[in-house]
1. Considering A:160, A:153, which residue is part of a helix (DSSP H, G or I), touching a residue at least 24 places away in the same chain (Cβ under 8 Å) and closer than 19 Å to residue A:374 by Cβ?
2. Quick test of your reading of the structure: residue A:541 fulfils all but one of (1) under 30 Å from residue A:64 (Cα atoms); (2) not in a loop (DSSP other than H, G, I, E, B). Name the failing condition by number.
3. Note down all Cβ pairs under 7 Å where the first residue falls in the range A:465-491 and is over 14 Å from residue A:584 (Cα atoms), the second is modelled with pLDDT under 85 and in a helix (DSSP H, G or I), and they're at least six residues apart or on different chains.
4. Return the residues of the range A:653-708 that are surrounded by 10 or more Cβ atoms within 10 Å (Cβ to Cβ) and within 14 Å of chain B (Cβ to nearest Cβ); say none if nothing qualifies.
5. Has the range A:324-336 got any residue that is at pLDDT 85 or above, closer than 20 Å to residue A:427 by Cβ and surrounded by fewer than 24 Cβ atoms within 10 Å (Cβ to Cβ)?
6. Please enumerate the residues belonging to the range A:709-724 that are within 25 Å of residue B:100 (Cβ to Cβ) and more than 13 Å from chain B (Cβ to nearest Cβ).
7. Quick one: count up the residues across the range B:5-24 that are within 14 Å of chain A (Cβ to nearest Cβ) and closer than 21 Å to residue B:72 by Cβ.
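The values are calculated or read from the model by the stated rules, or taken from the named source; none is laboratory data. A quick note: this is a predicted structure, and the numbers were derived from the prediction, not measured. Note that each Cβ is placed from the backbone with ideal geometry, even for glycine, and that neighbours are counted across all protein chains shown.
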């Protein structure tokens with residue numbers, strides 16, 4: 001079959017699954033998840049078929065699979081919508097399909113399918129004692145819609161369709177973060193995520209509008225693969241801050257990325273989004289939604305870098321992008337060091353890794369950004385799903401330890417064993433889980449090593465190394481140093497997490513009673529772990545260590561073909577490689593040394609030596625409080641005091657009440673001085689006088705015919721006399 | 001020949017007697033009789049004028065005949081009503097027949 005046709009079909013099954021589940025099968029959990037997973041499997045199959053055709057096609061970058069149909073007549077032209085598979089969307093499709101499928105399967109186990117429903121569980125709250133999720137079918141409907149949004153975004157050939165997929169995901173992220181809407185924190189988190197990303201989206205929409213007005217099209221290939229259009233945009237001044245039109249539009253679109261990919265200063269929503277179920281965290285924060293932001297930045301690389309060529313100083317737009325990326329990478333890494341919640345560490349690490357990709361785009365390292373996007377999606381999905389497995393095991397452990405409270409665990413000291421207030425997500429309550437959850441331990445460790453860039457083996461090493469090498473080779477020393485420092489911290493907090501969670505002795509009874517998750521949860525972990533290692537091998541740079549490898553750098557050749565000018569491969573350099581290996585190794589070692597013998601109930605060993613720096617990290621630099629003070633509370637004040645109390649209640653209601661009071665006065669005056677005396681008086685007068693007149697004439701009407709006759713006689717006599725006397 | 005004025009005087013006298021009967025009597029039958037007298041006075045006038053003024057034209061006699069017919073039917077209807085009222089109310093006094101009065 002034609003690959004274009006297959007591409008059209010890719011997003012279709014999940015949306016059908018969504019409607020079928022919502023409208024028909026939502027009462028049957030088994031049917032609903034079968035439909036959702038079946039649909040995802042169909043999409044996966046189609047995606048793999050298209051991917052295979054894509055990688056076996058020569059010069060895909062010049063001749064991508066594309067098809068489109070006219071959609072909306074707009075002004076003088078017609079907006080077309082269609083599909084496009086070029087190398088970038090092909091690889092994005094590959095990792096999106098794999099991670100989505102893994103997450104769908106994982107959700108079955110995560111939501112305790114097969115268990116009885118606990119009668120104490122309420123919809124909107126997480127199951128408390130391992131019963132099946134009360135809103136099981138709804139979850140699968142939402143993630144199907146989510147998958148539809150992402151797949152649409154990836155296969156789209158224009159910015160408008162991309163934006164629609166983008167917004168569908170925004171909606172789903174809102175719905176899924178607030179999936180347990182009974183929790184107050186989840187409600188706040190969903191609103192926060194929605195509003196924060198909306199800030200970016202507004203600018204993005206402005207960017208889309210100005211791009212359309214500048215070029216008359218939103219199709220990727222007509223803009224990004226057209227030297228003339230790009231050259232014209234780069235040469236046109238925008239009149240804002242000395243930017244070119246391309247620079248301004250690029251910057252506006254990049255603000256969409258900042259919102260969606262949680263870059264500083266719009267990063268605040270992502271850690272709070274951890275309130276959702278863990279598959280959602282993996283879906284939003286690893287595989288799909290946050291990747292979409294970076295995908296946009298990578299996709300619009302030619303526009304962002306219009307007027308720039310390899311080796312030239314960065315343009316203003318690129319400098320901004322590089323700065324935000326590098327700053328976010330370091331900034332989020334420092335916060336991650338001081339977090340205790342296993343999912344929050346991963347959330348900040350996601351922000352940090354996305355910062356790497358954005359920084360790579362900013363310094364012109366197009367292929368490196370795409371490469372890190374792919375590898376990161378795999379290992380971060382793996383880490384999130386692994387952390388979900390850990391939390392799940394801990395929750396089972398909590399339930400079990402309350403049953404076996406009489407038997408203390410050997411080696412567990414003191415009051416920390418009290419299970420009453422044990423937070424199943426706090427890493428300081430874990431420890432020793434490697435023996436209880438071997439599959440989770442091994443896969444999580446692989447993911448963690450990939451995240452920290454463990455040399456040679458893991459995917460994260462190759463992609464991160466490529467970014468660092470690119471930054472170094474092109475002389476962006478500030479970016480290079482920032483990212484290297486962030487890499488050091490990444491390795492450190494990753495090892496801290498692994499050590500606290502899996503190594504050492506159990507620090508609570510819950511950790512002692514934890515057990516391995518079901519196969520539907522561990523199987524996706526294993527699959528993702530394979531990719532977390534193997535995904536890096538496709539991008540081993542040529543001439544690595546001075547060796548001549550039998551395989552060329554396939555990833556670079558393939559993805560580099562997306563652009564008009566193929567980026568040149570970098571010459572091998574020892575300095576970034578040694579830096580990369582050094583920071584990863586040192587960070588991992590240091591993390592292990594610090595945390596390996598942490599006793600139960602002890603504070604974080606970093607707390608004392610780092611002092612106020614640690615508390616700043618712990619408090620996330622106070623961004624939440626600052627935004628609360630700067631934006632949230634003024635808006636509440638504006639809404640409640642100004643708009644509601646002053647304008648609405650005071651001004652508008654006051655005006656209305658004033659009008660009402662005046663109308664009442666006028667009405668009562670009319671009533672008392674006009675209606676009652678004049679109108680009523682006249683009416684009464686007529687009625688009354690008629691009555692009186694009638695009453696006084698009533699005596700004439702005796703009812704005696706003879707009297708009438710007499711009257712008649714008298715009058716006819718008078719009439720007769722008159723006629724006889726006065727008529728001639 | 002008796003002059004016309006005698007007839008007219010007689011007719012006027014008859015009419016006045018009938019009128020008095022109609023106005024003054026309380027008995028419904030008597031009122032009816034008064035009406036008959038007034039009609040007959042009119043008849044007398046009609047016939048007298050015919051004989052003295054236009055003896056060649058027959059219209060005066062025709063008028064008289066029509067008045068007879070009307071008087072006869074009026075008397076028949078009137079008496080029937082009076083009998084009917086008498087059967088119900090056991091009275092023929094006009095003042096006491098006040099069913100429709102306010």
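1. A:153
2. (2)
3. A:466/A:539; A:469/A:576; A:472/A:575; A:472/A:576
4. Within the range A:653-708, A:694, A:698, A:701, A:702, A:703, A:704, A:705, A:706, A:707, A:708 qualify.
5. Step one: of the range A:324-336, the residues at pLDDT 85 or above are A:324-336.
With closer than 20 Å to residue A:427 by Cβ added as a condition, the list becomes A:332-336.
Imposing the further condition that a residue be surrounded by fewer than 24 Cβ atoms within 10 Å (Cβ to Cβ) reduces the set to A:334.
Looking through the range A:324-336, at least one residue is at pLDDT 85 or above, closer than 20 Å to residue A:427 by Cβ and surrounded by fewer than 24 Cβ atoms within 10 Å (Cβ to Cβ).
6. A:715
7. 5
Residues are listed down the side, and each one gets a yes or a no for (1) farther than 25 Å from residue A:100 by Cα; (2) surrounded by fewer than 24 Cβ atoms within 10 Å (Cβ to Cβ):
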residue: A:238; (1), (2): yes, yes
residue: A:243; (1), (2): yes, yes
residue: A:247; (1), (2): yes, no
residue: A:255; (1), (2): yes, yes
residue: A:263; (1), (2): no, no
residue: A:268; (1), (2): no, yes
residue: A:278; (1), (2): no, no
residue: A:290; (1), (2): no, no
residue: A:300; (1), (2): no, no
